1. Assigned by TED's automatic domain parsing to the domain that holds G63, within 17 Å of R70 (Cα to Cα) and of a type in the set (S, T, Y): does that describe Y35?
2. Examine segment 1-8 for a residue that is without any contact (Cβ under 8 Å) to a residue 12 or more places away in the chain, assigned to a strand (DSSP E or B) and surrounded by 10 or more Cβ atoms within 10 Å (Cβ to Cβ), and state whether such a residue exists.
3. Return the pair list, or none, for Cβ contacts closer than 8 Å from residues in segment 10-26 that are at positive phi to residues that are of a type in the set (A, V, I, L, M, F, W, C) and surrounded by 11 or more Cβ atoms within 10 Å (Cβ to Cβ), at least 6 apart or on different chains.
4. Go through T58, T42, T53 for me and flag whichever is surrounded by 13 or more Cβ atoms within 10 Å (Cβ to Cβ) and without any contact (Cβ under 8 Å) to a residue 12 or more places away in the chain.
5. What number of residues in segment 22-39 are surrounded by 11 or more Cβ atoms within 10 Å (Cβ to Cβ) and over 15 Å from the mean Cα position of the chain (by Cα)?
6. Just one of the numbered conditions (1) basic (K, R); (2) loosely packed, with under 11 Cβ neighbours inside 10 Å; (3) touching a residue at least 60 places away in the same chain (Cβ under 8 Å) is not true of K96; which one?
Amino acid sequence: MTYYKIAELLKGEKEVPVGVPGELCIKGPQIMMGYWNKPEETRLALRDGWLYTGDIATMDEDGYTYIVDRKKDMVITSGYNVYPREVEEVLFSYPKVQEAAVVDPR
């Protein structure tokens, strides 16, 4: 049987409430054992038997899960989580903006 949860984005220690974006985590017998010759990446991705997928998801009241973004696409600035895709969508809402791309300058 496969289990899943949506954990808070920064530490991934607590589950988030319905409708709140968080990192999708899965657990079950078919989950990988780790990355080949990459112990540090394995340690970050596999915690307490859960695979932290790097996908940002929300869950609705009926238990349906929606993947809305990727965690690595998130930028933390001044203590805020900023998602380039959301900023781009706001820019696209202006009629004179034809193209936009938000990138992390680091």
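1. Details: assigned by TED's automatic domain parsing to the domain that holds G63: yes; within 17 Å of R70 (Cα to Cα): no; of a type in the set (S, T, Y): yes.
In short, no.
2. We begin by selecting, within segment 1-8, every residue without any contact (Cβ under 8 Å) to a residue 12 or more places away in the chain; these are none.
No; the residues of segment 1-8 include none that is without any contact (Cβ under 8 Å) to a residue 12 or more places away in the chain, assigned to a strand (DSSP E or B) and surrounded by 10 or more Cβ atoms within 10 Å (Cβ to Cβ).
3. G12/C25; G19/M59
4. Values: T58 fails: without any contact (Cβ under 8 Å) to a residue 12 or more places away in the chain; T53 fails: without any contact (Cβ under 8 Å) to a residue 12 or more places away in the chain.
Unique residue meeting the criteria: T42.
5. Of all residues in segment 22-39, those surrounded by 11 or more Cβ atoms within 10 Å (Cβ to Cβ) come to 22-28, 31, 34-35, 38.
With over 15 Å from the mean Cα position of the chain (by Cα) added as a condition, the list becomes 27-28, 31, 34-35, 38.
Number of matching residues: 6.
6. Unmet condition: (3).
A quick yes/no check of all residues on (1) at pLDDT 95 or above; (2) closer than 17 Å to K5 by Cα; (3) aliphatic (A, V, I, L, M); (4) not assigned by TED's automatic domain parsing to the domain that holds E8:
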site	(1), (2), (3), (4)
E41	no, no, no, no
R47	no, yes, no, no
G63	no, yes, no, no
Y83	no, no, no, yes
F92	no, no, no, yes
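The values are calculated or read from the model by the stated rules, or taken from the named source; none is laboratory data. Just so you know, these numbers come straight off a predicted model, no measurement behind them. Cβ coordinates were reconstructed from backbone atoms using ideal geometry, including for glycine residues, and neighbour counts include every protein chain displayed.
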